[in-house]
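No value in this document is a laboratory result; all are computed from the given coordinates. These numbers were taken from a predicted model, which means no experiment stands behind them. Cβ sites come from the backbone with ideal geometry, for glycine too, and all protein chains shown count toward neighbours.
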Amino acid sequence: MTCENLCGTVVCEEHTPKTPENALLSRRGLLSAFAGIAATIGLASFGESAMAASKTYVACKTTDITVGGAKLVTLPGTNVQIVVTRPNKTSYHAFSPYCTHQTTMLSGIQGTNLICQRHGASYNTTTGSPTGGPARGGLKRYTTTVVGTSVKVTV
Ligand code: FES
């Protein structure tokens, strides 16, 4: 349908009567655009801050963790605790040691799962993804590299 004033446009905003419904849609469109811009700016700013603040630490030696094991580590010179896992001979992974259900410190390892004793959540030792219980998401994962005999973690 073309404009009743025959301006030749199929969707003519200039000649469309402003009903409360149209005005609401316009406001929604405007607010939605603002939210998108704000989110973009906010995320970009947050990402830049996170990049600037990240630092790499030697978390432990490769021999500190047995194959299939895990170790709770306080990063040197900080009070930041992480859990480093070694699911097989050559791979190491680092995660937040706090359960995503109610932020309780993880209590141990069973097979290929890190365990939270409080309500029974479990997480895969390679990915940090939840494998059982009331966990609300995966564990925060940190970049891990092995240099010589040092396990380095970037937080
Ligand atoms: S706090 Fe870990 S399962 Fe509830």
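Descriptive notes on the structure:
- Least to most buried among VAL146, VAL151 (fewest other Cβ within 10 Å first): VAL146, VAL151
- Across region 99-114, rounded Karplus estimates of 3J(HN,Hα) from the backbone phi angles (6.51 cos²θ - 1.76 cosθ + 1.60, θ = phi - 60°) give 4, 7, 6, 9, 6, 7, 4, 4, 10, x, 9, 9, x, 9, 10, 7 Hz, Gly and Pro being marked x.
- Ordered by the count of other Cβ atoms within 10 Å of each Cβ, fewest first, ILE109, ILE82 give ILE109, ILE82.
- Average Cα contact separation per residue, region 56-154, under 8 Å, 6 or more apart, as relative contact order %: 27 percent
- Placing pseudo-labels 7 Å out from each Cα toward the beta carbon at LYS55 and VAL67 gives an inter-label distance of 3.5 nm.
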